[in-house]
Amino acid sequence: MQILSGLTLKEIEEITDKLHASKFRARQIHNWIYLKSAAKIDEMTDLSVKFREELKKNALVSNVKIKTKQESFDGTIKYLIEFPDGGCAETVLMRFDNRANLTACVSSQIGCAVNCSFCATGRLGFVRNLTYKEIIEQVLTIQRDTGLKITNVVFMGQGEPLLNLENVLKAMEIFNENFQIGVRRLTVSTSGIIPQINKLAELKMQSTLAVSLHAPNHEIRKTIMGIENQYNMNDLKTALKNYTAETGRRITVEYLLIKDLNDTLDCAKQLADYIHDIKCNVNLIPYNPVAGSLYQKSSNNSVMRFKSILEQSGKKVTVRLERGADIDAACGQLGGRNNTA
Ligand code: SAH
Ligand code: SF4
């Protein structure tokens with residue numbers, strides 16, 4: 001049985017060729033999968049009943065299952081998707097009342113090896129990489145379940161996308177070509193894997209690169225992100241500047257605000273200094289509490305003070321809206337609790 005989800009138009013044409021159908025049929029199937037979110041071959045009503053019967057003997061739309069689905073009061077939906085081998089991926093649909101965007105936050109790995117101290121995913125450890133098909137199935141599952149068309153994809157679910165780069169790049173290509181999502185509506189977030197950032201620079205990636213900096217200096221960063229011992233902030237800066245030089249793209253610097261740890265006035269000034277010659281916007285992320293963690297969220301006042309210092313230094317700063325905290329779907333809360341249930 002062929003699984004249609006994840007196939008390119010060319011691959012679908014191979015199936016229609018085998019069934020002695022025209023290339024136009026392949027195009028129709030392709031549209032049903034990626035743009036019209038069909039869950040079953042029988043929903044593809046512009047194909048004749050006879051052809052659908054033939055196709056059903058050879059192919060299946062998808063072989064993943066929604067294991068759990070949780071909805072937040074704010075409209076956020078978190079899915080736990082199960083693949084045929086029993087592996088599960090968490091994926092989140094985010095919508096914002098004032099925006100037409102429908103954003104899927106996808107996982108690139110099951111668990112994560114980077115093990116940042118503030119992140120629920122890190123605690124799981126690394127389980128395995130997701131294949132590009134498993135990455136795009138996450139978006140297809142949301143589309144099939146809600147009937148909505150995803151307009152933006154962020155790689156901010158479980159995992160470090162740059163440690164699974166080949167699958168992430170292939171998935172991005174399919175998001176762009178098959179789902180018709182513009183490259184600039186795709187965002188890859190990384191904890192700062194320098195060799196892979198250099199690779200993206202070489203490839204002249206046009207999607208948005210977001211970098212989880214989270215600290216204004218080496219000392220603080222290494223207490224919360226072990227990766228700092230391997231790829232430090234000085235070298236990271238060189239890589240980010242090279243990335244911008246090669247791609248022309250502005251970077252998003254993500255900065256998690258944890259009470260009294262990295263949210264002081266002094267931290268804001270040091271951060272402003274560190275980023276002054278990096279072409280970037282800053283996205284401040286109020287820390288989302290993770291069960292059993294000693295960290296606390298910064299107060300609103302600290303967040304605003306931090307923001308205004310960075311703004312004074314000439315950067316555009318946004319504060320990330322918290323979504324889905326009541327269902328553990330917010331940033332950093334994808335700990336796969338239901339994964340082991
Ligand atoms: N591994 C990648 C992408 C996944 S995490 C990365 O680290 O960038 C997506 C974002 O959520 C990152 O910026 C991450 O640092 C942030 N995050 C992790 N734990 C968080 C928490 N408890 N509260 C808020 N944001 C968190
Ligand atoms: Fe991995 Fe990102 Fe979580 Fe760090 S923040 S443990 S890199 S998923």
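The values are calculated or read from the model by the stated rules, or taken from the named source; none is laboratory data. These numbers come from a predicted model, not from an experiment. Neighbour counts run over all protein chains shown; Cβ positions are idealised from the backbone, glycine included. For the accessible areas, the whole protein counts, side chains as well, though only heavy atoms, and no ligand, DNA or RNA atoms are used. Shrake-Rupley method; radii C 1.70, N 1.55, O 1.52, S 1.80 Å.
List the trypsin sites (Lys or Arg not before Pro) within the range 16-105 that fall in a DSSP loop (any state other than H, G, I, E or B) and whose Cβ has at most 13 other Cβ atoms within 10 Å.
K40, R99
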Next on the checklist: Keeping all protein chains in place and using 1.4 angstrom, which order do H276, H218, H30 fall into by accessible surface area, from largest down?
Outcome noted: H276, H218, H30
Checklist entry - At a Förster radius of 30 Å, what calculated FRET efficiency corresponds to the Cβ-Cβ distance of D17 and K170, to the nearest 0.05? => result 0.80
Checklist entry - Roughly how many nanometres apart are two label points built 7 Å out from the Cα toward the Cβ at N281 and N229? => result 3.5 nm
Checklist outcome for this item: Excluding residues fewer than 8 positions from K78 in its own chain, the lysines with Cα under 26 Å of it are K36, K40, K65, K67, K69, K133, K149, K170, K297
Checklist entry - Share of the range 217-341's accessible area from carbon and sulfur, percent, 1.4 Å? => result 48 percent
Checklist outcome for this item: Filtering trypsin sites (Lys or Arg not before Pro) in the range 285-337 by DSSP loop and by at most 13 other Cβ atoms within 10 Å leaves K316
Checklist entry - If you place +1 on the Cβ of every Lys and Arg and -1 on the Cβ of every Asp and Glu, how big does the dipole about the Cα centre of the chain come out, in debye to the nearest 20? => result 520 debye
Next on the checklist: Counting heavy atoms of the protein chains only and a 1.4 Å probe, report the per residue accessible area for the chain as a whole number of Å².
Outcome noted: 44 Å²
Checklist entry - So what is the calculated 222 nm ellipticity per residue for the chain, using -39500 (n - 2.57) for each DSSP H run with n of 4 or more, over all residues, to the nearest 500 deg cm²/dmol? => result -10500 deg cm²/dmol
Item to check | Given charges at Cβ of Lys, Arg, Asp, Glu: the chain dipole, positive-most of L169, F118, L261 | outcome: L169
Checklist entry - With Cβ to Cβ distances under 12 Å as the rule, what net charge do the other residues near I150 carry (K, R +1; D, E -1)? => result +3
Item to check | Zone of A325's modelled label, taken as backbone nitrogen in the range 263-288 under 20 Å from a point 7 Å along Cα→Cβ | outcome: 263-264, 283-288
Checklist outcome for this item: When the charge dipole of the chain is computed with +1 on Lys and Arg Cβ and -1 on Asp and Glu Cβ about the Cα centre, the Cα farthest towards its positive end, among I251, Q196, A89, belongs to I251
Checklist outcome for this item: Length gained, K204-K222, 0.36 nm per residue minus C-alpha separation, equals 3.5 nm
